[in-house]
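The structure under discussion appears below in the form of C-alpha cells.
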There are 2 protein chains.
Amino acid sequence: MVVSNKGVLFKAIPTGHPVIGEHFEVVDRTIDIENFKLGENELLLKNVYISLDPYIRERMREPHIESYIPPFHVGKVMVGDGTSVVIKSTHPQYHEGDIVAGFTGWEEYTHIKENDEEMNATGRFCLNHAKDSNFPLTHHSHLLRIHGLTAYRGLVNFGNPKKGETIFVSTAAGAIGHLVAQIAKIKGLYVVGSAGSDEKVDFLLNTLKIDAAFNYKKVDIDKALSKHCPDGIDIYFDNVGGEILDRVLLHCNRFARIVVCGMISQYNIRNQKEKYGIKNIDQVFAKSINIIGYLISDFWTINNDTFSKDMEEWLESGKLIYKEDITIGIDNIPQAFLDMYAGKNLGKSAVKIFDL
Amino acid sequence: MVVSNKGVLFKAIPTGHPVIGEHFEVVDRTIDIENFKLGENELLLKNVYISLDPYIRERMREPHIESYIPPFHVGKVMVGDGTSVVIKSTHPQYHEGDIVAGFTGWEEYTHIKENDEEMNATGRFCLNHAKDSNFPLTHHSHLLRIHGLTAYRGLVNFGNPKKGETIFVSTAAGAIGHLVAQIAKIKGLYVVGSAGSDEKVDFLLNTLKIDAAFNYKKVDIDKALSKHCPDGIDIYFDNVGGEILDRVLLHCNRFARIVVCGMISQYNIRNQKEKYGIKNIDQVFAKSINIIGYLISDFWTINNDTFSKDMEEWLESGKLIYKEDITIGIDNIPQAFLDMYAGKNLGKSAVKIFDL
C-alpha cells in the first residue's frame, strides 16, 4: 500500500528569518508501508502531533557554528519533538500501537533506526498510559513532559520563589511562559507578564488572572516595568534575552534571580555584530543578582515525581490552564512555525498530522 | 597643639578618568588636637593606612545616579577603608590607643560622629589583637578582613570549586585576584590568570606558581583562552566585566560558574551608550552557566570563623602569599589611586600615612 508521506525539507541555511520555499518547504513523497522493511531494533512511526518550538531555528545554522544542539543537515527532513503511533517495530521495547514521544521527522511517517543520533538525542518515551487518561494526548507529550518540566523546574528549582515576591515573565502567553505565570500565582507571588499583542494581554489578565500585564510592543519597557512592578523584580523568568533582559536588570531588587531557559530574540541573528549587547550586566554585582541558565534535557534522568503529581493535580482541579494553539495538517507546518516565531500563537504551538 | 591635617578633597565629578587638581587633590589643613572637642559617642582617629580600591571611582558620580553605594559629596574629603588609632574617644566601645578598621577620611586625622552614615556604612572593627600578632597591621585590616573575605567567600561559597577544574581569574595580580588564584591552587584547581603587564605575569607564574598566565594587553583574548584553558573554563572569577567577560562566556564549559565581585573596566564610563555590551549572554542557557554577583558587605554579620582559621593557617604555613603595594605619605594618595586604576600596582594598594 503506497500512501502519501509528505515531509518538510530543509533546503538552505537562512541568514535571518527563514522563508518558505527558499529555506524549507513541504515536499510530496510516498511510502510503501506494507512492504517497508525494518532492520533490527527499528521503528516505523505514524506521526500524530509535531511540536513547534523556538529553539528549532537554532538548528537551521551553518554546521561549523558550535551550539548546545546539533545543526540540521541541508537536504534532509527537519526534526522536532513529536507524538507518534508505532505502526511497525522490530524493537523489543516498542510494539505496534504504542504511543511514543520524542524527536521525530516533520513528516507523516518516520523511520527510526537504532543509534540514529538525530532521532534519539532526547530518548523516546512510551505514552501508552495516555490512552487511559482523561487528559488529551498533547498534555502528556508537552505539558506533562518537556514544557511543563521546563516551567516547573526553572521556577521552583532555580527561581526559589517566596510568597509575596514579584516575578516578571516575558513571553507570558507562550508555551512555557503561561505555565510559569500560573505556577507563580499558585506559589503566592505577584505575577507580571509581557506579551506581543493586546489579545495575549487580555488572556493573561482575564483568563490566567495574573496581577499585571502589558503589550511590550506598545510601551516604553522601562516605564512599564516601573508601573507594573512597583516593588521591583525578585524573579525574572527570561525566555527572550536582548533589550528586555537589559532593562529588567535595572528594575531588579537585591538578590534577584534571573532564570534563563532560552533567548528567542537572538536566534535569528547569525551575525555576531548584530546581536544585542547587554550593558547593565554590572547590576549583577551591584545587586547580588544570580543569573541561572539551564537546559531541560539535563532533567530527564532525575526523579520528576513531584512535578508530575503537582501538575496533574493543578490541571484536574482547574488551578492551571494549559493553552494550546494547534494547526491542522502537515502542509501548514512551515507557516505555523513562522507564525509561532512572529508570536501569533497563544500558548503551546503544535501541528496535528493525523487523528488518532 | 595645632598640627597638619592634610586631606584629599573631592572637587568635581569626573566624566572619565579623574584628574588630580581638577576632580580631587590634597589640600593643606590643620587641626588643634589638644583642644579638639568631641560630642557624645564620638572619636578622633589618627589614620595609619588608607586602602585604595577600584569601587571608590563608583562613588565619584552625579548624586542622582543610583548605585549600590552612595555618591561622594563635592567639597568634602574623600572616604575609604582605613586602619587608624583612636586618639580621643567619648564612645564607650572605643578607647584611646585602640586600633580600628572601617571607613575613614582620606586625611591625617578623622573626626567620627555617631550615626555618621558616610563613616559607619560598614561598621568599625577593633583590631587590638593585631598588636600581639605576628602578622603586620595591614594583614588584619585587608587580608584577614575585606579582601581576604571577598576572595574566600566568592570562590568557596559561590564558585563551588572541585579538584581538577579549571579556573580563570582576571586581574589575577590584583588585591582580590592574587588571593583567589592561590586559594584555588590550594583547593586543587588548574589556575589560569590574566594581568596587564609582563611583570605581573612573571609574578603569577614564578612567585604564586599558578598554572598559566598571560598579559591581556598583548594577546588576542580568544586565542589566549583557547591556549591556556585547553579543557575550557569551569569557574571564572570576574573583577573586570566588559570584553573579557564576553569572550570568557564562549570558553565556558557546561555548568560553569561566573563569580562577579566587581567590574572595574566599566567604572569610569558614565555614558550608558559607551558601556560595553555583552553579546554572548546567550551562552548562559546554552551551557547552563550560573552568574553570581555578590557584595562582601553582606557577609559581615555571618560567622566567618572558617575563613579566619583557613587564612591564618595558609599564611603562617607559607601556602598563601599576601602581596601589598604600599605608597608612603598622604601627599601621594591621588597619584597612587590613579596608578592603581591604571593597573600599576602589584597586589593590594594602600597608602601609609603614619608609622604606628
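The values are calculated or read from the model by the stated rules, or taken from the named source; none is laboratory data. Owing to the predicted nature of the structure, the values given are computational and were not obtained by experimental measurement. Cβ: placed from backbone, ideal geometry, glycine included. Neighbour counts: every protein chain shown.
Of these, B:Gly7, B:Gly102, which one is on the phi > 0 side of the Ramachandran plot and either among the aromatic types (Phe, Trp, Tyr) or touching a strand residue (DSSP E or B) at 6+ places or on another chain (Cβ under 7 Å) (or both)? Write out each step before concluding.
Working: B:Gly7 fails: on the phi > 0 side of the Ramachandran plot.
Checking each option against the conditions leaves just B:Gly102.
Among the conditions (1) surrounded by fewer than 21 Cβ atoms within 10 Å (Cβ to Cβ); (2) farther than 16 Å from A:Glu312 by Cβ, A:Gly177 misses just one, which is (1). Residues of the stretch B:312-356 that are under 21 Å from B:Lys6 (Cα atoms) and of a type in the set (S, T, N, Q): B:Thr327, B:Asn332, B:Gln335, B:Ser349. Among the residues of the stretch A:226-242, which ones are more than 9 Å from every other protein chain (Cβ to nearest Cβ) and modelled with pLDDT of 95 or more? The answer is A:Ser226, A:Lys227, A:His228, A:Cys229, A:Pro230, A:Asp231, A:Gly232, A:Ile233, A:Asp234, A:Ile235, A:Tyr236, A:Phe237. For B:Val284, the conditions (1) part of a helix (DSSP H, G or I); (2) more than 9 Å from chain A (Cβ to nearest Cβ); (3) buried (at least 17 other Cβ atoms within 10 Å of the Cβ) are fulfilled apart from (2).
Across the stretch B:279-310, what is the number of residues that are more than 17 Å from the chain's Cα centre (by Cα) and either closer than 19 Å to A:Tyr294 by Cα or in contact (Cβ under 8 Å) with a residue 60 or more places away in the chain (or both)? Give the steps one after another, and end with the answer.
First, the residues of the stretch B:279-310 that are more than 17 Å from the chain's Cα centre (by Cα): B:279-292, B:301-310.
Among the residues that remain, those that are also either closer than 19 Å to A:Tyr294 by Cα or in contact (Cβ under 8 Å) with a residue 60 or more places away in the chain (or both) are: B:279-292, B:304, B:307-308, B:310.
Final tally of qualifying residues: 18.
Starting from the stretch B:249-263, take each residue that is more than 10 Å from chain A (Cβ to nearest Cβ) and list its partners that are part of a helix (DSSP H, G or I) and among the hydrophobic types (A, V, I, L, M, F, W, C), counting only C-beta distances under 8 angstrom and pairs at least six apart or across chains. Partner pairs satisfying both residue conditions: B:Leu249/B:Val284; B:His251/B:Leu225; B:Arg257/B:Phe158. The requirement of being at pLDDT below 95 and touching a Ser or Thr at 6+ places or on another chain (Cβ under 8 Å) is not satisfied by B:Gly123.
Among residues of the stretch B:264-281 being farther than 24 Å from B:Ala175 by Cβ and assigned to a helix (DSSP H, G or I), the one that is nearest to the other protein chains (Cβ to nearest Cβ) is B:Gln272.
Here A:Lys162 passes the criteria (1) crowded, with 19+ Cβ neighbours inside 10 Å; (2) more than 21 Å from A:Ile321 (Cα to Cα) except the one numbered (1).
Within the bounds of the stretch B:30-53, is there any residue that is more than 14 Å from every other protein chain (Cβ to nearest Cβ), under 30 Å from A:Asp282 (Cα atoms) and in a loop (DSSP other than H, G, I, E, B)? Yes, the conditions are met somewhere in the stretch B:30-53.
Of all residues in the stretch B:133-183, those satisfying the criterion of being farther than 14 Å from B:Ala195 by Cα and polar (S, T, N, Q) are B:Ser133, B:Asn134, B:Thr138, B:Ser141, B:Thr150, B:Asn157, B:Asn160, B:Thr166, B:Gln182.
Working only within the stretch B:311-325, note down all residues that are surrounded by 16 or more Cβ atoms within 10 Å (Cβ to Cβ) and either of a type in the set (A, V, I, L, M) or at pLDDT 95 or above (or both). Walk me through how you get there before you give the answer.
From the stretch B:311-325, those surrounded by 16 or more Cβ atoms within 10 Å (Cβ to Cβ) are B:311-312, B:314-315, B:320, B:322-325; that's our starting set.
Matches in the stretch B:311-325: B:Met311, B:Trp314, B:Leu315, B:Leu320.
Within the bounds of the stretch B:205-222, is there any residue that is farther than 25 Å from A:Lys275 by Cβ, away from chain A (no Cβ under 12 Å), under 20 Å from the mean Cα position of the chain (by Cα) and not charged (D, E, K, R)?
Step one: filter the stretch B:205-222 for residues farther than 25 Å from A:Lys275 by Cβ, giving B:205-215, B:217-218.
Then keep just the ones that are away from chain A (no Cβ under 12 Å); that gives B:205-215, B:217-218.
Filter again for under 20 Å from the mean Cα position of the chain (by Cα), leaving B:208.
Still in the running and not charged (D, E, K, R): B:208.
Looking through the stretch B:205-222, at least one residue is farther than 25 Å from A:Lys275 by Cβ, away from chain A (no Cβ under 12 Å), under 20 Å from the mean Cα position of the chain (by Cα) and not charged (D, E, K, R).
Output the residues belonging to the stretch B:227-244 that are touching an Asp or Glu at 6+ places or on another chain (Cβ under 7 Å) and free of Cβ contacts under 8 Å to residues at least 60 places away in the same chain.
Step one: of the stretch B:227-244, the residues touching an Asp or Glu at 6+ places or on another chain (Cβ under 7 Å) are B:234-235, B:241.
Of everything in the stretch B:227-244, just one residue is touching an Asp or Glu at 6+ places or on another chain (Cβ under 7 Å) and free of Cβ contacts under 8 Å to residues at least 60 places away in the same chain, namely B:Gly241.
Is there a residue in the stretch A:335-350 that is farther than 22 Å from A:Arg57 by Cβ, surrounded by fewer than 22 Cβ atoms within 10 Å (Cβ to Cβ) and of a type in the set (A, V, I, L, M, F, W, C)? No: the stretch A:335-350 contains no residue that is farther than 22 Å from A:Arg57 by Cβ, surrounded by fewer than 22 Cβ atoms within 10 Å (Cβ to Cβ) and of a type in the set (A, V, I, L, M, F, W, C).
Give the residue that is nearest to B:Cys261 (Cα to Cα), with candidates limited to residues of the stretch B:187-204 that are surrounded by fewer than 14 Cβ atoms within 10 Å (Cβ to Cβ) and over 21 Å from the mean Cα position of the chain (by Cα). Before you say what the answer is, go through the steps one by one.
The initial filter retains those residues of the stretch B:187-204 that are surrounded by fewer than 14 Cβ atoms within 10 Å (Cβ to Cβ), namely B:188, B:198-199.
Add one more test, that the residue is over 21 Å from the mean Cα position of the chain (by Cα), and what stays is B:188, B:198.
Details: B:Gly188: 22, B:Asp198: 25 Å.
Only one residue fits best here, namely B:Gly188.
Every residue, every condition in (1) in a strand (DSSP E or B); (2) closer than 15 Å to B:Phe135 by Cβ; (3) within 14 Å of chain A (Cβ to nearest Cβ), yes or no:
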{"position": "B:Ile292", "(1), (2), (3)": "yes, no, yes"}
{"position": "B:Thr301", "(1), (2), (3)": "no, no, no"}
{"position": "B:Thr306", "(1), (2), (3)": "no, no, no"}
{"position": "B:Asn332", "(1), (2), (3)": "no, no, no"}
{"position": "B:Phe337", "(1), (2), (3)": "no, no, no"}
{"position": "B:Lys348", "(1), (2), (3)": "yes, yes, no"}
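One residue stands out in the stretch B:15-54 among those that are at pLDDT below 95, closer than 30 Å to B:Gly262 by Cα and surrounded by fewer than 19 Cβ atoms within 10 Å (Cβ to Cβ): the one that is nearest to the chain's Cα centre (by Cα), namely B:His17. For A:Ala212, the criteria (1) under 25 Å from B:Gln283 (Cβ atoms); (2) in contact with a Gly (Cβ under 8 Å, 6 or more places away or on another chain) hold in every case but one, which is (1).
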